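The values are calculated or read from the model by the stated rules, or taken from the named source; none is laboratory data. These numbers were taken from a predicted model, which means no experiment stands behind them. All Cβ positions, glycine included, derive from the backbone under ideal geometry; neighbour counts span all protein chains shown. The area values use the complete protein model at the heavy-atom level, side chains included, leaving out ligands, DNA and RNA. Shrake-Rupley method; radii C 1.70, N 1.55, O 1.52, S 1.80 Å.
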Amino acid sequence: MGIEVGGLLGLIWLIILVWAIVKVAKSPAGPVAKLLWIVVLLLFPLVGLIVWLLMGPKG
């Protein structure tokens, strides 16, 4: 059962990460800012997502 729960949590985390990347891509920020946010989200998924939620482009 532990593998199933871990797989479900991993899937939820992946969905949240993809959602954040799509929100960044659709934001009114410039292309360089978008690229930097996406790189941060991909390289540092947990910290990047938290920082993006607090400081990222709104819109």
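Brief remarks follow.
- Close pairs from the stretch 21-35: first more than 14 Å from Trp52 (Cα to Cα), partner surrounded by 15 or more Cβ atoms within 10 Å (Cβ to Cβ), Cβ under 8 Å, at least 6 apart: Pro28/Pro57
- Some residue of the stretch 44-51 being at pLDDT 90 or above, of a type in the set (A, V, I, L, M) and open to solvent by less than 90 Å² (accessible area, probe 1.4 Å): no
- Of the set (1) under 13 Å from Gly56 (Cα atoms); (2) surrounded by 10 or more Cβ atoms within 10 Å (Cβ to Cβ), all apply to Gly10 but (1).
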